[in-house]
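First comes the structure, then the notes that go with it.
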Amino acid sequence: MRIALGAAGVVLALGLSLAVVQAAEENAEGWVSLFDGKTLDGWKVSTENSSAFVVKDGTIGAVSGRAHLFYNGPVGNHDFKNFEFQCDVMTTPGSNSGIYIHTEYQESNWPYKGYECQVNQTHEDWRKTGGLYGIQDNKEAVAKDGEWFHYEIKVEGKHIVTKINGKTVADFTEPEGWEPPQDMPGRKLSSGTIAFQAHDPNSKTYFKNIKIKLLD
């Protein structure tokens, strides 16, 4: 019994040590977590469907009806301009979602301000994961439903890059005098927060390991 307890203690100690080292490395590189893995503290959901987002097993799930979840915590005073963002995402068959950048809290409807980075493998919408919705769309699925994939977004100046599992999907620079489409006049880079989208009652999408690195 003493040996078993000793071994368990060693495993626990090693696990804690690895977690501490990993956290130290992330801090040294400037990455900050936006999600505690247990609650929606630091996040604010739109009022049109407040039950659309749930926390389970260290993930944020967008699971029912249209709604948006906006980061409103202390990191960067939830107003990001130049940054790198990353998270892991998993969709279920037929699901649609999105990650908004440079946006702001909105009680209902699709967010007016900022860009939407699309999340969609097999939903009927032809715009697929990694594209900048309505601006630089991607027509081919670059990930699979039911599997976690890594989503990266970098914004620097007027330049946006998205990567899925390390592969660049969108690479867009706002031209001088940029005029967005008339039906999406808020598609302009300025500054703002991050938001996740719950799209419709049949869409279920999950997010975890949500981090941001602020750039000069």
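The coefficient of translational diffusion for segment 143-211, derived via Stokes-Einstein from the alpha carbon Kirkwood radius under 4 °C and 1.567 mPa s, stands at 88 µm²/s.
Per residue, how big is the convex hull of segment 81-191 when only Cα atoms are used? Give it in Å³. Display every interim value, and only then the final one.
Values: hull volume 11.4 nm³, N = 111.
Here the figure is 103 Å³ per residue.
With the Cα gyration tensor of segment 82-130 in hand, convert its eigenvalues to equivalent ellipsoid semi-axes via √(5λ) and list them largest first in whole Å.
They are 20, 15, 9 Å, listed largest first.
Accessible area per residue (1.4 Å probe, heavy atoms of protein chains only) ranks 69, 40 as 40, 69, with the largest value leading.
Normalised by residue number, the volume inside the convex hull of the Cα atoms of segment 48-127 is 122 Å³ per residue.
Where does the Debye-calculated log10 I(q)/I(0) of the chain sit at q = 0.13, 0.16 Å⁻¹, using only Cα point scatterers of equal weight, no solvent? So the normalised log intensities work out to -0.73, -1.07. Give me the distance between the Cα centres of segment 165-200 and segment 35-113, rounded to whole Å. Centre-to-centre distance over Cα atoms comes out at 16 Å. Close amide H partners of residue 115, meaning residues 5 or more places away or on another chain with modelled amide H under 5 Å apart, are 101. Computed from Cα atoms, the angle from the helix 2-29 axis to the main principal axis of the chain rounds to 30 degrees.
The values are calculated or read from the model by the stated rules, or taken from the named source; none is laboratory data. This structure is a prediction, so every number in the text was calculated from the model and none was measured. Remember, those area values only see protein heavy atoms, side chains included, never the ligands or the DNA or RNA. Shrake-Rupley method; radii C 1.70, N 1.55, O 1.52, S 1.80 Å.
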